[in-house]
Amino acid sequence: MTILVEWEDLVYHYPGGVVALDGASLQLAAGQRMVLLGRNGSGKSTLLRHANGLLRPQRGRVRVAGQPLDYARAGLNVVRRQVGLVFQNPDDQLFSASVAQDISFGPMNLGLDLDEVRARVAEAAQMCDVGDLLERPTHALSMGQKARVALAGVLAMRPLALLADEVLAGLDPWAYEQVVAIFDRLVAQGGAVLLATHDLRLAERWADVVAVMEQGRVRV
Amino acid sequence: MQVIDRYAYANAIRQVDPAQKGGLALVALLLCLLLDHPLVSGLSIGWMLGLAVGWARLPGRVVVQALVAQALFLLASTLSVALSLSWGGVAPRGWAVQIGSLWLSSSPAALQHALVLVARALGSAAALNFLILTTPLVDLIDLLRRLRTPEVLIDLMTLTYRAIFVLLESLERMRVAQEARLGYCNPHRAMQSSALLISQLFIESYRRSQRLQESLESRGFQGTLRVLPNTYRHDVWAWRLGAVMVASLVLARLTR
């Protein structure tokens with residue numbers, strides 16, 4: 001089984017002395033559905049932010065598709081294409097008032113030609129079931145719709161692994177199922193999904209692997 | 001603002017190239033200012049209302065209401081041009097009313113001057129109304145990008161416009177939370193609560209900008225917000241109609 005993302009013995013202290021990671025290690029393999037549980041402040045978000053180079057560990061190493069993470073601009077561009085990161089509040093991600101333009105942002109950054117970008121937008125929109133929202137203004141969407149658009153914006157970059165930080169929090173059961181279905185589609189295509197959540201039911205019925213974070217360390 | 005936004009997204013010419021809609025509005029606006037005659041302005045208002053209702057299929061009531069609201073503002077602010085105050089023993093020329101030692105007066109020339117001002121401003125307003133009621137801001141930003149506006153300005157406009165809606169929502173949430181705890185029970189508390197709200201909103205905007213930065217970085221942000229340009233349709237006869245409009249405005253000026 002190919003390991004897509006590997007966190008190896010990471011230590012990270014926030015400025016001000018808060019210890020977020022204290023020797024955290026974890027492996028995410030292709031085709032895996034992983035749920036990461038842990039109390040607020042246990043370091044889940046910090047761990048996720050290390051996977052695509054938003055944060056740089058003070059000790060330890062991150063590998064993506066077997067390669068140690070390269071923190072130069074070019075290296076980060078490669079890693080951010082491979083590892084997609086979605087955050088809890090879609091309003092933090094959606095920067096454009098046009099749904100289609102927001103989804104196109106990632107593919108445009110990959111330097112693809114316009115036809116390819118259009119194809120990617122259509123593909124991601126279909127996968128996230130937001131095809132009929134493309135012409136709508138972002139601020140007219142419901143929370144569940146925004147969550148799916150935010151996912152489409154990341155999936156349009158065709159990441160190998162998708163890491164999602166609490167994206168299911170606050171969604172109604174129907175919107176919730178729709179988002180879980182998107183994760184399943186991604187896994188069916190050979191991708192990996194890591195979901196940081198407080199939802200024990202999801203850990204029980206959906207996940208292949210359940211990891212638990214406590215005080216900056218991970219137990220699988 | 002949200003009413004404007006709604007019509008901008010739901011009108012019959014939403015898909016028409018913003019260059020075409022913007023071009024028509026801009027020409028009408030420029031002619032109002034350059035030819036500067038009440039007849040031209042009146043005719044231009046007619047054209048813009050006609051295009052908004054006939055071409056964009058906007059409800060006439062909405063378009064007229066917007067213009068009437070602006071007209072009221074304009075009338076209030078040109079009052080000082082039409083009327084003048086003076087004091088002293090001699091009655092000013094024109095029509096005058098004496099209140100104590102004050103004279104409130106007006107004259108045909110002053111009225112004419114005020115009329116020209118109102119007409120010019122209202123004509124311009126009608127042209128801009130047509131544009132903003134038929135064109136969402138994203139399309140205007142798209143147009144500015146095609147016109148090679150500096151990227152920094154484009155990005156700022158994109159983010160500001162989006163932030164308006166996000167921050168309005170936060171504002172409303174915080175206000176309701178304060179209200180629920182009797183934050184506005186008397187004028188004094190209301191003042192304090194508003195002050196708190198404003199400072200919290202600043203902090204919230206700052207935090208939000210950090211989270212936005214992270215999520216943009218995650219999607220491979222390269223320093224500018226590059227997005228897919230929209231595709232639009234062109235109405236050939238709208239250009240012809242525009243030419244007729246220009247001719248009619250110029251003719252109206254020449255005959256006076």
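Flag set for A:Arg148, criterion: under 15 Å from the mean Cα position of the chain (by Cα) and crowded, with 18+ Cβ neighbours inside 10 Å. Selection of strands (runs of 3 or more DSSP E) fully inside segment A:123-220 by the criterion of at least 1 residues being of a type in the set (Asp, Glu) returns A:161-165, A:209-214. Residues that are surrounded by 24 or more Cβ atoms within 10 Å (Cβ to Cβ), without any contact (Cβ under 8 Å) to a residue 24 or more places away in the chain, in a loop (DSSP other than H, G, I, E, B) and within 7 Å of chain B (Cβ to nearest Cβ): does segment A:89-98 have at least one? So far as segment A:89-98 goes, yes, one or more of its residues are surrounded by 24 or more Cβ atoms within 10 Å (Cβ to Cβ), without any contact (Cβ under 8 Å) to a residue 24 or more places away in the chain, in a loop (DSSP other than H, G, I, E, B) and within 7 Å of chain B (Cβ to nearest Cβ). Counting the residues of segment A:99-126 that are of a type in the set (D, E, K, R), within 8 Å of another protein chain (Cβ to nearest Cβ) and open to solvent by 20 Å² or more (accessible area, probe 1.4 Å) gives 1. For segment B:138-179, the candidate set comprises residues that are open to solvent by 40 Å² or more (accessible area, probe 1.4 Å) and of a type in the set (Lys, Arg); within that set, the residue that is nearest to B:Leu197 (Cα to Cα) is B:Arg175. Considering segment B:228-244, and only residues there that are within 10 Å of chain A (Cβ to nearest Cβ) and free of Cβ contacts under 8 Å to residues at least 12 places away in the same chain, the residue that is nearest to A:Asn89 (Cα to Cα) turns out to be B:Leu228. Just a yes or no: is a residue in segment A:131-139 open to solvent by less than 10 Å² (accessible area, probe 1.4 Å), away from chain B (no Cβ under 11 Å) and modelled with pLDDT of 90 or more? Yes, there is a match, as at least one residue in segment A:131-139 is open to solvent by less than 10 Å² (accessible area, probe 1.4 Å), away from chain B (no Cβ under 11 Å) and modelled with pLDDT of 90 or more. When A:Ala169, A:Ala147, A:Ala161 are checked against the criterion of being among the hydrophobic types (A, V, I, L, M, F, W, C) and at pLDDT below 90, a single residue qualifies: A:Ala169. Among the residues of segment A:60-67, is any of a type in the set (A, V, I, L, M, F, W, C) and within 13 Å of the chain's Cα centre (by Cα)? Looking for residues that are of a type in the set (A, V, I, L, M, F, W, C) and within 13 Å of the chain's Cα centre (by Cα), one finds none in segment A:60-67, hence no.
Exactly one residue among A:Arg49, A:Arg80, A:Arg56 is open to solvent by 30 Å² or more (accessible area, probe 1.4 Å), assigned to a helix (DSSP H, G or I) and of a type in the set (Lys, Arg), and that residue is A:Arg49. The conditions are (1) open to solvent by 10 Å² or more (accessible area, probe 1.4 Å); (2) under 17 Å from the mean Cα position of the chain (by Cα); (3) under 29 Å from B:Leu168 (Cβ atoms), and A:Pro173 fails exactly one of them. Which is it? So A:Pro173 meets the others, but not (2).
Yes/no matrix, rows are residues, columns are (1) at pLDDT 90 or above; (2) more than 30 Å from A:Gln101 (Cα to Cα):
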| position | (1), (2) |
| --- | --- |
| B:Val138 | no, no |
| B:Leu143 | yes, no |
| B:Ile154 | yes, no |
| B:Ser170 | no, no |
| B:Ser199 | yes, yes |
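Screening A:Ala169 against (1) within 11 Å of another protein chain (Cβ to nearest Cβ); (2) within 22 Å of A:Leu47 (Cβ to Cβ) leaves a single unmet condition, (1).
Scoring A:Tyr12 on the criteria (1) open to solvent by less than 40 Å² (accessible area, probe 1.4 Å); (2) over 16 Å from the mean Cα position of the chain (by Cα); (3) hydroxyl-bearing (Ser, Thr, Tyr); (4) closer than 19 Å to A:Ala164 by Cα leaves a single failure, condition (4). Summed over segment A:59-77, residues that are more than 9 Å from chain B (Cβ to nearest Cβ) and surrounded by 12 or more Cβ atoms within 10 Å (Cβ to Cβ) total 12.
The values are calculated or read from the model by the stated rules, or taken from the named source; none is laboratory data. Bear in mind the structure is a predicted one, so any value in this text is a computation, not a measurement. All Cβ positions, glycine included, derive from the backbone under ideal geometry; neighbour counts span all protein chains shown. Please note that ligands, DNA and RNA were not included when accessible areas were found on the heavy atoms of the full protein model with its side chains. Shrake-Rupley method; radii C 1.70, N 1.55, O 1.52, S 1.80 Å.
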